[in-house]
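This report concerns only the one structure given below.
All of the numbers you see were taken from the coordinates with simple rules; none came from a lab. Given the structure is predicted, the values throughout are model-derived calculations rather than measurements. Note that each Cβ is placed from the backbone with ideal geometry, even for glycine, and that neighbours are counted across all protein chains shown.
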């Protein structure tokens, strides 16, 4: 598989996941569906634009994707799926904070205190936004 094909595959999978999240959010109460439908729709649209740009771009000579590229592809897919699993298990706000901490620490190689601060600020910002706008975030199986 070439690097271009791997990029196309990853973009397609991420776009489908965003679209599925937006479609699934339609079953939520109105206040709870606004945010996930907006993010899911925007993410799916951006993935579609990226897919079309990558598809129509002049490929030129390119080396085939190596085992490292496949590992990276599956590692990022694992992060996305783990985030969705965390949302289902512990709820959106806490899952988002945990995801930010984990991703920044492991993938971006941020210092632990920077990752913890970013995760805390993410959780706090979502909590404040939910309180001010009276949004009903997904609470998850454990808290619900």
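One table, with the values for the structure above:
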{"item": "Per-residue Cβ neighbour rank within 10 angstrom, fewest leading, 88, 55", "result": "55, 88"}
{"item": "Rg followed by Dmax, in Å, when the range 75-144 is reduced to its Cα trace", "result": "12.4, 36"}
{"item": "Neighbour-count order for 131, 96, fewest beta carbons within 10 angstrom listed first", "result": "131, 96"}
{"item": "GNM flexibility winner over the chain from 99, 28, 18 (Cα, springs under 10 Å)", "result": "28"}
{"item": "Per-residue [θ]222 nm for the chain (sum of -39500 (n - 2.57) over DSSP H runs n ≥ 4, rounded to 500)", "result": "-27500 deg cm²/dmol"}
{"item": "Ranked list, fewest to most other Cβ atoms within 10 Å of each Cβ, for 120, 50", "result": "120, 50"}
